[in-house]
1. I need a count of the residues in the stretch A:240-298 that are within 14 Å of chain B (Cβ to nearest Cβ), in contact (Cβ under 8 Å) with a residue 12 or more places away in the chain, small (Gly, Ala, Ser) and out of contact with any Asp or Glu (no Cβ under 7 Å at 6 or more places or on another chain).
2. Taking the stated definitions as given, is residue A:218 away from chain B (no Cβ under 14 Å) and out of contact with any helix residue (DSSP H, G or I) (no Cβ under 7 Å at 6 or more places or on another chain)?
3. Which condition breaks for residue A:77 when tested against (1) crowded, with 16+ Cβ neighbours inside 10 Å; (2) closer than 18 Å to residue A:150 by Cα?
4. So if I check each of B:225, B:243, which one is buried (at least 19 other Cβ atoms within 10 Å of the Cβ), under 30 Å from residue A:113 (Cβ atoms) and among the small types (Gly, Ala, Ser)?
5. It is to be established whether one or more residues within the stretch A:119-139 are touching a Phe, Trp or Tyr at 6+ places or on another chain (Cβ under 9 Å), of a type in the set (Val, Ile, Thr) and buried (at least 24 other Cβ atoms within 10 Å of the Cβ).
6. Would you check if residue A:234 is within 27 Å of residue A:145 (Cα to Cα), without any contact (Cβ under 8 Å) to a residue 40 or more places away in the chain, more than 19 Å from the chain's Cα centre (by Cα) and buried (at least 16 other Cβ atoms within 10 Å of the Cβ)?
7. What about residue A:99, is it over 19 Å from the mean Cα position of the chain (by Cα), surrounded by 19 or more Cβ atoms within 10 Å (Cβ to Cβ) and among the hydrophobic types (A, V, I, L, M, F, W, C)?
2 protein chains.
Amino acid sequence: MKQYAIGVDMGGTNTAYALISRDGTVVERGSLPTTGHISAQVWAEKLWESLREMIERNGVGEEIEGIGIGAPCANTITGCIEAATDLPWPSPIPLKERMERLSGIRVSVANDANAAAMGERIYGAAKGVDNFIMLTLGTGVGSGIVCDGNLILGSRSFAGELGHIYFEFAKGRPCGCGREGCLQTVASAKGIVLTARKMLEERDIPSSLRSIPVAQLSSKDVAEAAQRGDLLAREIIAFTGRAIGEACATFAAFSDPELIVLFGGVAKAGRILTDAAELEFRRKALHLYADKVRFRISELPDSDAALLGAAAMVTTVSGD
Amino acid sequence: MKQYAIGVDMGGTNTAYALISRDGTVVERGSLPTTGHISAQVWAEKLWESLREMIERNGVGEEIEGIGIGAPCANTITGCIEAATDLPWPSPIPLKERMERLSGIRVSVANDANAAAMGERIYGAAKGVDNFIMLTLGTGVGSGIVCDGNLILGSRSFAGELGHIYFEFAKGRPCGCGREGCLQTVASAKGIVLTARKMLEERDIPSSLRSIPVAQLSSKDVAEAAQRGDLLAREIIAFTGRAIGEACATFAAFSDPELIVLFGGVAKAGRILTDAAELEFRRKALHLYADKVRFRISELPDSDAALLGAAAMVTTVSGD
């Protein structure tokens, strides 16, 4: 069993990478710009140059299990980045093939939410759990589903778009996907701001949120106010939690998970969010599941979550 | 690769069994009463006696890959029948363990819908398909989900209770599970009858269904009238199909299937049902899935579906 993996977190502006040991320690990290290269091939060559130097510096050439790359619109089945609108090159980009040819090391690519789920399973709150769902609550709502010990991919690697399931509580809220009523329109950072604006207008109770100009109000403001005990902010978070709990009652009937992990900016609201979610889940779920699912906040450290998640895509679960 | 499997379909009154060859041919079949035995152990001994005689008669003792048993409330993970209210013995019944001890042959147990899904994959409409969802539309609505080539079980073998997901189109319809609005309340045989009664009352158009006393109206009547061209009956089936299509738009976001197979009494409505389902699916699904999912009616022969499904639980997919 090899002792290290490399995690790469490819964003539209910057590409971060790290050498990660089996226990999840970041041994060394670095980054390079994603932009400014004439082609994806040149970017890949620069990236491999940096990785090779890092491997040599640490004398771990024989001990690399693989390179995991998390990227928006990355397809695990094809190994390509597909239709990524925020990258400066045309899609699809055959990332897995190119990096394997350059490095001679096994490469796995995944979209952010799937990488996060694997990260949680190897290094975080879902360690040793074979059946769980990871919800990434950020600008959008993504998900990674682990069932019977496997990350679910589906016929074209598009499994787990749980942010785009219709729910009545989101009725009338337009979604970026062109439809309306998606979970994402409530449980994302933007969704929380929408809920906050609505509640600030409808409710008469005082709140520290009223001192923030409406146009500047962020989900972080709401989460922080809630943690300071602001009643209206707590109500906004609780509404969001209830929506997540009801959504999870639907998800449970699909994959019978034992754990739901909440990750991302919105999850910063912590226990107020998970308590509301768990309570609503118990009210709404089929009796088979009602008392059997725990809700937890991600345990991946914020700054390294994407790198750990990417590395986890190539890390063998101990015991395998 | 062994050439035969045994399928057992255990019901509350009767237990059917069959010797099935790799290509899905029923070589021999038989049955014994489920009731009338003093204990589950005695029933299991009688069953094994019958199976042993059948195996000997056909001279295939060395060629049996396994025994698959489909039963209500059967749990594939524990190998037990759990909380089956229509069996004459106390649950749980450790069926797998008992039958393996008696026979010395590998035994697998599964609930009806999961067995049906495996049957469809080995012998039916989903042959060679690694990502599909089977909906069994009968007295209730069950489901079996195959994703990335595996039948999804979940943490306690309760994955795939898709009949009990809440949908707005079923709002207000009470479900046997104690909640309301479950898909089952619309897409089951009983659901169709409810829809029929409502439409017969609300609509003014003539229909052959009006000659049947309301209390005697069955989903079979509706399906048959629809196939004869009865307009109101066609509308009832189309409503049911649209409900199924909308539900499948939700299911697709979970497992990215390429195929939905409809099975059971309600599926007898055929193309009228699948066409309505597919059209509504395209309207409601996220663009990623909208044009990528086919709807088909089961190809398992009615009389043998349960036996083939049970046998499929122990049949290795060729190529494995």
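1. 6
2. Numbers: away from chain B (no Cβ under 14 Å): yes; out of contact with any helix residue (DSSP H, G or I) (no Cβ under 7 Å at 6 or more places or on another chain): no.
Against the criterion (away from chain B (no Cβ under 14 Å) and out of contact with any helix residue (DSSP H, G or I) (no Cβ under 7 Å at 6 or more places or on another chain)), residue A:218 does not qualify.
3. Just one mismatch for residue A:77, condition (1).
4. Values: B:225 fails: under 30 Å from residue A:113 (Cβ atoms).
Just a single option satisfies the conditions, and that option is B:243.
5. So far as the stretch A:119-139 goes, yes, one or more of its residues are touching a Phe, Trp or Tyr at 6+ places or on another chain (Cβ under 9 Å), of a type in the set (Val, Ile, Thr) and buried (at least 24 other Cβ atoms within 10 Å of the Cβ).
6. On the way: within 27 Å of residue A:145 (Cα to Cα): no; without any contact (Cβ under 8 Å) to a residue 40 or more places away in the chain: yes; more than 19 Å from the chain's Cα centre (by Cα): yes; buried (at least 16 other Cβ atoms within 10 Å of the Cβ): yes.
For residue A:234, the condition - within 27 Å of residue A:145 (Cα to Cα), without any contact (Cβ under 8 Å) to a residue 40 or more places away in the chain, more than 19 Å from the chain's Cα centre (by Cα) and buried (at least 16 other Cβ atoms within 10 Å of the Cβ) - is not met.
7. Values: over 19 Å from the mean Cα position of the chain (by Cα): yes; surrounded by 19 or more Cβ atoms within 10 Å (Cβ to Cβ): yes; among the hydrophobic types (A, V, I, L, M, F, W, C): yes.
In short, yes.
Matching residues to (1) in contact (Cβ under 8 Å) with a residue 40 or more places away in the chain; (2) over 27 Å from residue A:152 (Cα atoms):
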position: A:18; (1), (2): yes, no
position: A:21; (1), (2): no, no
position: A:35; (1), (2): yes, yes
position: A:42; (1), (2): no, yes
position: A:65; (1), (2): yes, no
position: A:69; (1), (2): yes, no
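The values are calculated or read from the model by the stated rules, or taken from the named source; none is laboratory data. All figures in this text were calculated on a predicted structure; none of them were measured in a lab. Neighbour counts run over all protein chains shown; Cβ positions are idealised from the backbone, glycine included.
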